[in-house]
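Inspection log for the structure reproduced underneath, given as structure tokens.
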Amino acid sequence: MTIIVTGGAGFIGSNFIFYMLKQHPDDRIVCLDSLTYAGNLSTLAPVMDNPRFRFVKLDICDRPGVYQLFEEEHPDVIVNFAAESHVDRSIDNPEIFLQTNIIGTSVLMDACRKYGIQRYHQVSTDEVYGDLPLDRPDLFFHEDTPIHTSSPYSTSKASADLLVMAYHRTYGLPVTISRCSNNYGPYQFPEKLIPLMIANALSDKPLPVYGEGLNVRDWLYVEDHCKAIDLILQKGTVGEVYNIGGHNEMKNIDIVKLICEYLGKPESLITHVTDRKGHDMRYAIDPTKIHNELGWLPETMFKDGIRLTIQWYLDNKDWWENIVNGEYRNYYEKMYGNR
Ligand code: NAD
Ligand code: TYD
């Protein structure tokens, strides 16, 4: 089987490629990635020489380029991770989010229609459901929870989901969608909460917590997300949405304190900064469907996953120091300079 993985030079896509090459020795993976600021070719160095792997630098919005790749590769499956993925950047400038996350998705699905495909899988997010109140711990996102987005990022992802379902109903495209909670693990770009706090703490820099830090996210170790997508590809029902989450809700402030504790850094580094605009309060997934129908359960407990993650950032300083010492400096100054 040939699988095109878009966005495979990013955080979850790269972890998915490593996982699939290991788990499926007969499959070939073609990674399609335009290498935006979030894509890093060095991440894929361990598989670059693997004869079952090919990297193609291409924008998912480039229709002729995508069609040509389908003609060359005759893929059986597409897994679309490629996206602009950071909420704060979407608040600063929504346009590229609409372009990549919506138009790019439609180009990929048009290619699937034109050349035929066994499965198109859309990697989506729990953020399409909006947020839950902090004082209702009994509420969770189910697959039929209405879409109710907050940020330009989540709105662009929700739009893509609607388009994916429209291609299924209108053209019979064999699609599946997964909506996962917040991931953490190796190779996450340091603009996101956990790697940002690890990188800053290791450099004894302030740890910028938005508002009071009481917002709740449901954290899942990235490999558990990869396993869930693999299961959906193998056993999932076409036309269905699957929520993925590990019932691991934590307040931002508690995560940051835990990182300080593990790294032996003082909590006095924590600095409360101006809150994010439209900041979602709580995300919480009910994963009953994927558990009951496909037998998926998360395998890495947060206490183990966070240690593995922190250790990975300690062992791979070159990877993230290269990033934080580059263009990222300008981003950091713009986002946090006067906050
Ligand atoms: P990321 O920002 O780390 O990586 C995105 C990758 O997509 C990068 O390699 C980038 O170069 C590539 N890309 C961006 N625009 C492209 C384009 N136009 N054409 C080709 N490639 C392009 O993102 P991530 O955190 O790995 O997230 C991957 C997917 O998972 C996204 O669709 C995101 O919405 C979804 N998701 C992420 C999380 C999370 O916690 N990170 C949770 C749920 C869902
Ligand atoms: P993030 O990693 O950006 O993921 P998302 O917004 O998609 O959930 O942020 C996770 C939480 O951490 C979110 O509530 C915002 C908060 N946060 C901070 O408090 N400080 C930061 O510097 C960042 C990047 C995030």
Pair Asp76, Ala45: separation of 7 Å Cα→Cβ label points (nm): 3.2
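Report the percentage of all Cα-Cα pairs in segment 136-229 whose separation exceeds 22 Å, rounded to a whole percent. Each step should come with its number before you reach the end.
Details: 2087 of 4371 pairs.
Percent of Cα pairs beyond 22 Å in segment 136-229: 48.
Measure up Lys22/Lys227; Lys22/Lys289; Lys277/Lys334; Lys227/Lys289; Lys157/Lys334; Lys192/Lys317 against 18 Å on the Cα-Cα distance and list the ones that go over. Can you show the working numbers first?
On the way: Lys22/Lys227 12 Å; Lys22/Lys289 26 Å; Lys277/Lys334 15 Å; Lys227/Lys289 15 Å; Lys157/Lys334 25 Å; Lys192/Lys317 16 Å.
From the list (Lys22/Lys227; Lys22/Lys289; Lys277/Lys334; Lys227/Lys289; Lys157/Lys334; Lys192/Lys317), the Cα-Cα distance tops 18 Å for Lys22/Lys289; Lys157/Lys334.
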Segment Tyr37-Thr271, extension gain: residue separation times 0.36 nm, minus the distance between their alpha carbons: 81.6 nm
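Nearest 5 is fine: what % of DSSP beta bridges in the chain come out antiparallel, could you say?
Working: 4 of 41 bridges.
Of the beta bridges lying entirely in the chain, close to 10 percent run antiparallel.
Under Stokes-Einstein, with the Kirkwood radius over Cα pairs standing in for Rh, what whole-number D in µm²/s applies to segment 1-47 at 20 °C and 1.002 mPa s? Mind showing how you got there, number by number?
Values: Rh = 10.6 Å.
My calculation gives 202 µm²/s for D.
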Percent RCO, i.e. relative contact order, over segment 240-289, from Cα pairs under 8 Å lying at least 6 residues apart: 71
Relative contact order (%) - the chain, alpha-carbon pairs under 8 angstrom, separation at least six: 17
Global size of segment 76-123 as Cα Rg and Dmax, reported in angstrom: 12.5, 38
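So what is Rg over Rh here for the chain, counting just Cα atoms and using Kirkwood for Rh?
Working: Rg = 19.2 Å, Rh = 20.3 Å.
Taking Rg over the Kirkwood Rh, I get 0.94.
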Cα convex hull volume per residue for segment 28-156 (Å³): 143
Residues Tyr171 and Asp26, FRET efficiency given R0 of 22 Å [Cβ-Cβ distance, rounded to 0.05]: 0.15
Net lengthening on full extension, Glu299/Met1 (0.36 nm per residue, minus Cα-Cα): 104.6 nm
GNM flexibility winner over the chain from Asp275, Asp88, Asp318 (Cα, springs under 10 Å): Asp318
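Mind putting a number on the dipole of segment 1-85 about its Cα centre? Charges go on the C-beta only, +1 for Lys and Arg and -1 for Asp and Glu, and I need it in Debye to the nearest 20.
Values: 6 positive and 11 negative charges, 43 e Å.
Approximately 200 debye in magnitude.
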Projected label distance in nm at Asn330 and Leu134, using a 7 Å step from Cα toward the beta-carbon: 3.7
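Computed from the coordinates by the stated procedures, all read-outs in this text should not be read as laboratory data. All figures in this text were calculated on a predicted structure; none of them were measured in a lab. Because the Cβ atoms are built from the backbone with ideal geometry, glycine has one as well, and the counts that use them run over all protein chains shown.
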